[in-house]
Amino acid sequence: MFHNKKSCLAGLAVSALVLQGCASLESEVDPEWEGPEVVERHSEIAATEDGSRLVVGNPRVIAIFDDEGRAVGAFGDTSFLDRVDVTVRGPGGIEHSLSGGASNIIMLPQAGKVLILDYRGTTERVTAMDLETGEEAWQRTDFAYSIQQYEGLVDQAVEIVGGAIADALGAELETERPEDRRQRHRRFANQLVAEVDGGDGVLFKTFDGLVKLDTRAGSQRWHVEDFNGPGIADVQELDNGDYLVLSTGQDLYNLMAAEEYNLARISRNGEVRWMTEHAGRDTGSMVVEGDRVVVDGSPLQVFDANSGEKRWENDIERRTDFQTAESGNRRAIKQPKPLIVDGVLYQTAPSGWDEDGGFFQFADRHHIKAYDLDSGEVLWEIEDSRTFFGPMERINDRLLVWGIGEFFDEEDRGGGVAAVDADSGEVLWQSRPLETPGLFSAAPFAVAPVFDEAGERVYIGGPEELLGFRISDGEEVFDIETDGGLGDAIGLVGHDDRLVRVGLDGTAAYDMDNGDELFAVSHETAVDYEIRGERVFVHLSGAPFGGAAESDDDDDSVDPRGVIAINLADGSASAMAAWDDFPFNLMGTMEEGRAFIPSDGRFVYGVGEDGRLLRFGL
């Protein structure tokens, strides 16, 4: 086994600026352009994957910009380009006017269009705009697509059940910020549409059933009136062209409910092959495996893909909100989808609440079960423990499980990885437990492991250590102390024959075979990272502990934001792009001050404190 206790920053191949503890970031590169001041409080931003088009919706207008910051089109009650009473400065000093009301943006990337769901007054409009030309492609006003009814139900909740409960359901009360209400609207609207047929069609959930529209002209192709559910959770296209459509389930927090919740198989021309009900509780996605359709909810249910008959269901309840990473619980791991291999369904899920209420500080009890996919027979199970498990991986006859909690560390509840016999559930080996981040660290308590390309080794990382194990027998082949000032780990990346560790204060790469440090780059506090081609883009913040931008409508303070790109092959680092972030949370692509990086990694887009779109080249 190879041991490396060398400081990470000793003999750096590359070193970027070290800005530990700074209150601001100073950009090393100027923006290539600054767009007009169109971003406002509660604005929603969307973008095409390649970054060639950005769509900005504020409470007055929706505008489409190209990658040079030029407005190519807009949507509002009056022309975005012609009015002059309210203006903003564009590239070259050109002035643009703003108008219109709050709407929801839904991108249709395959069709090259953006849908605008506009629900002012008593009219609900569906408008499609061409992303290339910025022109309106079509508009329809004959659908009731839930927003209007949504508002009515909220008002009824205020009258019937009183302020406290109505607030929990999304009512517009003094305790709810307009920003939160807009987020509820957006979450609701984004579950109404699903693109199909390579962009030629779109499925649209209305209060009157499920509709298929032609994305080119907006014409209605068919209508299934009795398809129920608040929205569309998932759509999968089968080999013969049929659609499997799963409705969303009940979500009282966002006022999503229906009389029943449907799963349907529908042909391309609208013929309903079959339609059945699903539980409609905690509905996630669905997995299609052969002639079985698995609906991941509470409980997990399995249906026959040919007839719609329910074959079996278990008694598993999915995690509650406070047990998720989204709720701010750094110990939590997002509940994974079930894994299906060779006719066996593997699932990790909660077993029930602990009597002592300890789950509020850590987790309730979880287990792992293996089911026969056809019959639902439980083949084996691993006993309950207070453990969050991450997504499992099956390699040959080994089921690799990872997570944090009692399963890996009975005393301190640290993280780890283990190999389980896929046929019997016997634990063949497990790692020694990892250390956990400090109380005030922003790092998660466990990060996903990395596998080598041959599927022979698995690597895991803690705050100050990297461990590697041979999958076949669990022999520890890799042990590195990473205590050289790079901070607690926020993620691991496998790239060719190297293991890249992204830490709060720096990023380093190691040879997977011998543990040699190949490069290390120090940087300001990392809050996230993304891989684009041969580079890792690290999102930075000057806020304490990687805090997000302020979202209080009465607070106009700003947090500095930045991005640095690091070449995964040699560790060469780009200049740092940095800006003072817009002081209020946005929705969509740049939510919580997040920069947008197109698929080719050529640019970094941000929003400055004055509401201008910024583009940097790294």
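Brief remarks follow.
- Each Cα pair under 8 Å and six or more residues apart adds its sequence gap; the mean of these over the residue count of segment 178-220 is a relative contact order of 23 percent.
- Accessible area per residue, Å², segment 413-518 with all protein chains present, probe 1.4 Å: 35 Å²
- Between E426 and E309, the simple spin-label model (points 7 angstrom out along Cα→Cβ) gives 3.7 nm.
- Computed extension gain for W33 through V288, at 0.36 nm per residue and net of the alpha carbon distance, reaches 87.2 nm.
- For segment 212-294, the per residue solvent-accessible surface stands at 44 Å², with DNA, RNA and ligands left out and a 1.4 Å probe.
- Compared with the direct C-alpha span, the chain from D239 to R394 gains 53.2 nm at full extension, assuming 0.36 nm per residue.
- Pairs from K212/K310; K212/K337; K113/K369; K310/K334 whose Cα-Cα separation, in the structure shown, is over 32 Å: K113/K369
- Atom-type composition of the exposed protein surface of segment 366-504 places 39 percent of the accessible area on carbon and sulfur (1.4 angstrom probe).
- Ratio of Rg to Rh for segment 387-505: 0.95 [Cα atoms; Kirkwood radius as inverse mean 1/r over pairs].
- Student exercise, segment 478-526 dipole from Lys, Arg, Asp, Glu Cβ charges, in Debye to nearest 20: 200 debye
- Averaged over residues, the count of other Cβ atoms within 10 Å places the peptides 294-301, 426-433 in the sequence 294-301, 426-433, highest first.
- Residues A448 and R268, FRET efficiency given R0 of 35 Å [Cβ-Cβ distance, rounded to 0.05]: 0.40
The values are calculated or read from the model by the stated rules, or taken from the named source; none is laboratory data. Note that this is a predicted model, so its numbers are computed, not measured. All Cβ positions, even for glycine, are placed from backbone atoms using ideal geometry, and neighbour counts span all protein chains on display. Please note that ligands, DNA and RNA were not included when accessible areas were found on the heavy atoms of the full protein model with its side chains. Shrake-Rupley method; radii C 1.70, N 1.55, O 1.52, S 1.80 Å.
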